[in-house]
Number of protein chains: 2
Amino acid sequence: MHARLADVTVQEALAALADPVRMRLVRELASSPEWTRACGSFDVPVGKAALSHHFAALRAAGVVEQRDEGARRVNRLRRAEFDARFPGLLELVLRGD
Amino acid sequence: MHARLADVTVQEALAALADPVRMRLVRELASSPEWTRACGSFDVPVGKAALSHHFAALRAAGVVEQRDEGARRVNRLRRAEFDARFPGLLELVLRGD
């Protein structure tokens, strides 16, 4: 279910992040403690199916990790692992320009 | 015609680079002296119209600069300027994984 970061190419990583909704999800995740944010808690203008698609794209690229806690699916940013594989890339996304 | 790098957002930069043909163009440009590569000289599996589109995307994101020399349109990578605006990003693309 979760990507091995060694298998994620730089093209896949760039494509996963080059989207305004996904950049927003990553920025909100970065500003929250790990495993505190359920999928429905993000301030993005998309429906539930689209949101699932966006999270799947981030998961496939190794950006986020998800787990189920009862009825909630909660998230964390794989910041250290992603930084190790793609140095500087998340920092650019989080810079917010 | 060419982008002011200060006006290019990180999302635009990521989207411009997150494409296999454009990554190839960037890598070939990086391995050639500036202004030596005409648009038709790249080893990419796309037609002329698609190639123009890809170069336009790279130009709009501030990645490449083009000028006409007689009948040829030649290119250079705006490496220093792009690096200053998006540190580390070209390096990831050129790493080639």
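The values are calculated or read from the model by the stated rules, or taken from the named source; none is laboratory data. The structure displayed is predicted, hence computed values, not measured ones. Counting neighbours? That spans all protein chains shown, and the Cβs are built from the backbone with ideal geometry, glycine included.
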List every residue pair whose Cβ atoms lie under 9 Å apart, where the two residues are 6 or more positions apart in sequence or sit on different chains, the first residue falls within the stretch B:39-58 and is touching a residue at least 24 places away in the same chain (Cβ under 8 Å) and over 25 Å from A:ALA18 (Cα atoms), and the second residue, located anywhere, is in a helix (DSSP H, G or I) and among the polar types (S, T, N, Q). B:CYS39/B:SER52
The residue that is nearest to the other protein chains (Cβ to nearest Cβ), considering only those in the stretch B:82-97 that are modelled with pLDDT under 95 and assigned to a loop (DSSP other than H, G, I, E, B), is B:ASP97
Taking the stretch A:18-37 and the residues there that are within 8 Å of chain B (Cβ to nearest Cβ) and assigned to a loop (DSSP other than H, G, I, E, B), the one that is surrounded by the fewest Cβ atoms within 10 Å (Cβ to Cβ) would be A:ASP19
Counting only residues in the stretch B:7-17 that are at the interface with another protein chain (Cβ under 9 Å from one of its Cβ atoms) and assigned to a helix (DSSP H, G or I), the one surrounded by the fewest Cβ atoms within 10 Å (Cβ to Cβ) is identified as B:GLU12
Of those in the stretch B:49-81 that are among the basic types (Lys, Arg) and part of a helix (DSSP H, G or I), the residue nearest to the other protein chains (Cβ to nearest Cβ) is B:ARG79
